[in-house]
Amino acid sequence: MSTPATKGHAMQRRTVLLAAVAAATHNGAHAQQPWPGKPIRLIVGYAPGGSADIAARLIADKLRAELGQPVVVENKTGAGGNIGTEAVVRAAPDGHTLLLAAAAQIVINPSLYKGMSFDPLKELAPVTRLQTEHNLMVLGAQVPAKDLQAFIAYAKAHPQGVTFASPGAGSPSHLAGALLNQMAGLTMQHVPYKGSALALNDLLAGHVSMTIDNMPALLPQVRSGRLRAIAVASTRRAAAAPDIPTMQEAGLAGYDVSAWKGLMAPAATPAVIIGRLHAAVVKALADPDIRSRMVAMGAEPVGDRPEHFGQTLRAESARWAALVKSTGATLE
């Protein structure tokens, strides 16, 4: 026979059980909410018009169709890309805020900036590399040299008169110029700008002598005749411009400053979302229009798996750390 106490305990157990079932049902429904459930923000840490911005807008157009939600490109500039990177690091890890990552933000800045408040390798999750890029050394029209050796001779003959532009102190472009100074025994003066587009404008106007920067932003100006291409700053020639020699072919053995753009998310983003993002990007990169536009700009589509991208990040971090140390570059 049931006693009042027994009935009370039974009711209590039933209440607890019902609460647990309700919680599990709620959590399950929450976990299974469709993604993406709202527009996706794609953060670019650099100014509009540069190679990172070009890559972001190119892939955003295709991801809109693949994911069924708008992909809105937002430029958050400053601190060599750190402001944009930190905005994604601090964002909710729900797949609705992503980073268009450039090499400088992820594998250079941690060695360059003192006292960074975050670690991009630990606090961001790799999705995929979108593209690899060749850097290109170009001269303004006012510089008479036609090849690398002639430029080196010209720069040595004008030790205070040759300048090189970059999109900011500590950027890959800055380090590329510093490395050229170091390897060729030059004293070119660095002129930093707030973004590649501004540096390019002054180069076209003849205010600076040269730059080494991403090919996608520079190649159209070379083809128009407004800039003179000297060499590809990679170990192999670019498919988009096979007539331009590498630095090594031009006489500077061991010079290699290549680049890439990738997609990253906050570190705690669920693996299922990372997987869906990766699949969507790979499908977008397979589009013949995307591929042809990338190649025409001097980039080559990649679409590697997240784990492979992560391996690349770790290897690149070690290589760039050594280069930063060798050039003595540092920023507060």
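Would you pull out the residues with amide H under 5 Å of V73's amide H, same chain only if 5 or more places away, H placed 1.01 Å from N?
Excluding prolines and chain starts, which carry no amide H, the hits are L42.
Just want the answer: with Cβ charges of +1 for Lys and Arg and -1 for Asp and Glu, which residue in V138, A233, A284 is farthest toward the dipole's positive end in the chain?
Farthest along the dipole direction, towards plus: A284.
Kindly provide the helix-only [θ] at 222 nm of the chain, computed as the sum of -39,500 (n - 2.57) over DSSP H runs of four or more divided by all residues, to the nearest 500 deg cm²/dmol?
Helices in the chain give a 222 nm mean residue ellipticity of -14000 deg cm²/dmol.
Counting other C-beta atoms within 10 Å, which of I274, I59 has the fewest, and how do the rest follow?
Least crowded to most crowded, the residues run I274, I59.
Compute the convex hull volume of the Cα atoms of region 60-205, divide it by the residue count, and report the result per residue in Å³ as a whole number.
141 Å³
Quick one: Karplus J couplings for region 280-294, per residue in order, coefficients 6.51, -1.76, 1.60, θ = phi - 60°, nearest Hz, x for Gly and Pro?
After applying 6.51 cos²θ - 1.76 cosθ + 1.60, I find 5, 5, 4, 5, 5, 5, 7, 5, x, 5, 4, 4, 5, 5, 5 Hz.
With the alpha-carbon atoms as the only input, what is the per residue convex hull volume for the chain in Å³?
So the per-residue hull volume is 148 Å³.
Determine one quarter of the surface area of the Cα convex hull of region 135-232, which equals its mean projected area, and express it in nm² to one decimal.
5.2 nm²
As a footprinting exposure proxy, order E133, E86 by other Cβ within 10 Å, with the fewest listed first.
E86, E133
What is the total of Lys pairs in the chain with C-alpha atoms under 16 Å apart, excluding same-chain pairs fewer than 8 positions apart?
Final tally of qualifying lysine pairs is 4.
Springs between alpha-carbon atoms under 10 Å, Gaussian network over the chain: tell me which of P266, P167, P36 tops the mean-square fluctuations.
Highest fluctuation of the listed residues: P36.
Just so you know, all these numbers are worked out from the coordinates, no wet-lab data involved. Everything numeric in this text was worked out from a predicted model, so none of it was measured. As a convention, Cβ positions derive from the backbone with ideal geometry for all residues, glycine included, and neighbour counts pool all protein chains shown.
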